[in-house]
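Student: One structure follows; several queries about it will come next.
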Amino acid sequence: MKFVRLGLGVEMEAERLADLLRQVKYDEAEFIVRPMVKGDRNPFHVLVAIILTQNTSDKVASKALRNLEKLGIDPEALCSAPLKKIEDAVRPAGMYRRRARILKEVACRVLEDYGGDLWRLLRLDPSEARRRLTSLPGIGVKTADVLLANFTDAKVLPVDTHIRRVAWRLGIASRGASYETISRRLIELLEGRINLLEAHLKLITIGRRYCKPRNPKCNECPLRSVCSYAMRETRTASDKSSR
């Protein structure tokens, strides 16, 4: 049995974590990107969707995406579209002026640097593709990693706010750990045991359903048996009841 020493000094058996994650069910319809990846497999279309989900929910991002479809979601259409029309389309997602500017700038860059074909970038070595993606306006490492995870075999595990919270409570990383630290530790634990994209989606599902910011549902969580936070909460509840 191989144990892994984690960030907070907690020993967790990696195979057990992977096995528990494999049993977690999720609905792909709850993720704006997954139906698109399985549908037209257009990476630029997916990149636009990811930008729209930044700091908001997939639900409101979907409304903005449907509006954008009327303008045409391809680099040439968005690059040539008036900024005001893009702003009006993405208004439901919030921060619409910033999003519209980023979308237009990214579209023009993809058109200029890659002839409008984002596959030309994604076929590069993963580290180079990641570097080039993060050089685009408004594209950070999480956005780049989500795109790479869905369209390439790159060894990445994107970390959002849900996964950050789950990782901290599991004991995998400290509360203030960086994106790169959390992602790297999850990859060290899970690579070869479970598909990393599947792990990403399932950890988000855990965060949404059980590991909520307030009043987490530890007793219902599939990962409770390997979770430092859940174990601590159980001990605290037991101590109180025995008084």
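Student: For the chain, what is the mean residue ellipticity at 222 nm derived from helices alone (per DSSP H run of n ≥ 4: -39500 (n - 2.57); sum divided by total residues; nearest 500 deg cm²/dmol)?
Tutor: The helix-only estimate for the chain comes to -18000 deg cm²/dmol at 222 nm.
Student: Based only on the alpha carbon positions, what is the Kirkwood hydrodynamic radius of the chain, in angstrom?
Tutor: Computed over the chain, the radius equals 19.2 Å.
Student: Now for a different question. Could you list, in their original order, any pairs among Lys155/Lys217; Lys63/Lys84; Lys63/Lys104; Lys59/Lys155; Lys104/Lys155; Lys38/Lys202 whose Cα atoms are separated by more than 20 Å?
Tutor: Lys155/Lys217; Lys59/Lys155; Lys104/Lys155
Student: In whole Å, how far is the Cα centre of the range 165-193 from that of the range 89-130?
Tutor: 28 Å
Student: Another question, if that's okay. 7 Å from Cα along Cα→Cβ at both Asn219 and Lys59: what's the point-to-point distance in nm?
Tutor: Taking the simple label geometry, Asn219 and Lys59 are separated by 2.6 nm.
Student: Taking each pair of distinct Cα atoms in the range 163-243 once, what is the resulting Kirkwood hydrodynamic radius in Å?
Tutor: Hydrodynamic radius (Kirkwood, Cα only) of the range 163-243 equals 13.4 Å.
Student: Decide, for the range 20-156, between rounded, prolate and oblate: order the square roots of the alpha carbon gyration tensor eigenvalues as a ≥ b ≥ c, take rounded if a/c falls under 1.5, and otherwise choose prolate if a/b is larger than b/c, else oblate.
Tutor: Verdict is oblate for the range 20-156.
Student: Taking the Cβ-Cβ separation of Arg232 and Arg97 as r and a Förster radius of 41 Å, what is the calculated FRET efficiency to the nearest 0.05?
Tutor: After rounding, the FRET efficiency stands at 0.40.
Student: Turning to a different aspect of this structure: Show log10 I(q)/I(0) for the range 9-90 at q = 0.12, 0.19 Å⁻¹, two decimals, from a solvent-free Debye sum over equal Cα scatterers.
Tutor: These q points yield log10 I(q)/I(0) values of -0.48, -0.85.
The numbers here are math on the coordinates, done by the rules we state, and not lab data. Predicted, not measured: the structure shown is a model, and the values here were computed from it. Because the Cβ atoms are built from the backbone with ideal geometry, glycine has one as well, and the counts that use them run over all protein chains shown.
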